[in-house]
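Q: My questions all concern the structure below.
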Amino acid sequence: MSSTTSKSIRIIKWLAISVVALALLLVAWVQWTVWSFDTVTLPARHGGVDVQLYAREGAPRPLLVGLGGSEGGNAWTRGMWKAQRERFLDQGYAMLAVGYFGTPNSPEHLDRISLDGIHDAILNAAKDPRVDARCIALIGGSRGGELALLLASHYPDISAVVAMVPGSAVFPAINDALTTPGFSLHDKPLPFVPVPWSATPNLLVHDLRGAFDKMVSNTAAMEAAAIPVERINGPVYFVSASRDEFWPSREMSDAMMARLKHHGFRHTAEHLVVEGGHSEPLDEFPKMEAFLHDNFATACR
């Protein structure tokens with residue numbers, strides 16, 4: 001065997017050893033992160049939110065509450081949402097933009113976010129004389145759609161929901177450990193769908209759809225953590241994506257429609273499937289506007 005060949009073999013061996021060592025270190029880091037995470041103490045600023053109310057002068061108007069998703073911050077205050085926000089104001093709504101994590105006065109991460117804190121902020125905004133407190137609707141996308149459905153399921157003063165690419169159950173927090181739920185009620189963590197160890201490779205390569213597919217395959221956990229959408233006290237509009245790369249929003253919306261039918265839901269419920277990926281439903285706001293007009297705004301007159 002030549003010295004060159006021998007040297008190449010040694011290099012390959014050292015590379016293989018290095019890859020294995022790095023993989024073991026990565027596994028150890030993931031396990032330590034999970035096992036060391038404090039799942040008991042609620043996050044700093046728990047229950048805090050940041051809100052911005054947009055309302056024209058005049059008679060009290062129905063309140064539309066905008067909830068962003070896993071991007072954090074107060075999405076509906078941003079420039080990219082200004083045109084749609086103004087459309088809603090032109091259509092006779094007051095609009096409340098709610099930042100529930102990643103803002104100065106809210107938790108840093110989407111971790112055990114307090115439904116009570118958000119609900120209190122909505123009711124406080126509804127005291128404004130430009131707002132009709134009898135008519136409150138929610139519009140949220142992705143994890144914000146999950147949140148909108150949760151809020152409406154637990155608080156009967158919510159009159160309607162538009163849930164874009166939503167989840168049908170409570171899913172994990174967005175933090176390093178993923179061992180707590182995204183949301184809590186009365187300072188108690190809600191049951192949630194856990195992340196199986198088998199999803200770790202998907203998460204490491206940012207394959208969110210693959211990770212969520214493994215989560216939702218746990219049918220017992222999905223049922224235990226299911227959002228009780230049948231309790232919603234008003235019409236519901238699900239808007240999902242046929243090729244959602246984030247999570248199976250179409251399948252989960254179908255499951256929620258079936259759940260509503262099973263429980264004899266007495267309000268209007270519709271499911272619009274949009275061709276394309278997770279962000280495609282953003283092109284369908286005119287249909288959402290029509291649903292809100294026909295099933296929410298007209299009832300508030």
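Where a number appears in this text, it was derived from the coordinates with a stated rule and is not lab data. Note that the structure is a prediction, hence the values are computed from the model and not measured. Cβ placement follows ideal geometry from the backbone for every residue including glycine, while neighbour counts extend to all protein chains displayed.
Q: Can you give the calculated 222 nm mean residue ellipticity of the chain, where each DSSP H run of n ≥ 4 adds -39,500 (n - 2.57) and the sum is split over every residue, rounded to the nearest 500 deg cm²/dmol?
A: Taking each H run of at least 4 residues, the total per residue is -11000 deg cm²/dmol.
Q: For the chain, set up a GNM with springs between Cα atoms under 10 Å and report which of H154, H119, H262 has the largest fluctuation.
A: Ranking H154, H119, H262 by mean-square fluctuation puts H262 first.
Q: Give me the net charge of A97's neighbourhood, meaning all other residues with Cβ under 12 Å from the Cβ of A97; Lys, Arg count +1, Asp, Glu -1.
A: Taking every Cβ under 12 Å from that of A97, the sum is +2.
Q: Once amide H atoms are placed 1.01 Å from N in the peptide plane, what residues at a sequence separation of 5 or more from A269, or on another chain, have their amide H within under 5 Å of its amide H?
A: V236
Q: Continuing with this model, one more query. Among D132, D116, D283, whose mean-square fluctuation peaks in a Gaussian network model of the chain (Cα, cutoff 10 Å)?
A: D283
Q: Greater than 28 Å separation of Cα atoms is the criterion. Which listed pairs, K188/K214; K214/K287; K82/K261, meet it?
A: In this structure, K214/K287; K82/K261 lie more than 28 Å apart at Cα.
Q: Once you've got the GNM for the chain with C-alpha springs shorter than 10 Å, pick whichever of L149, L185, L138 has the biggest mean-square fluctuation.
A: So, out of L149, L185, L138, the one fluctuating most is L185.
Q: While we're here: Tell me the label-point distance for the pair D283, D157, using the 7 Å Cα-to-Cβ offset, in nm and rounded to one decimal.
A: 3.9 nm
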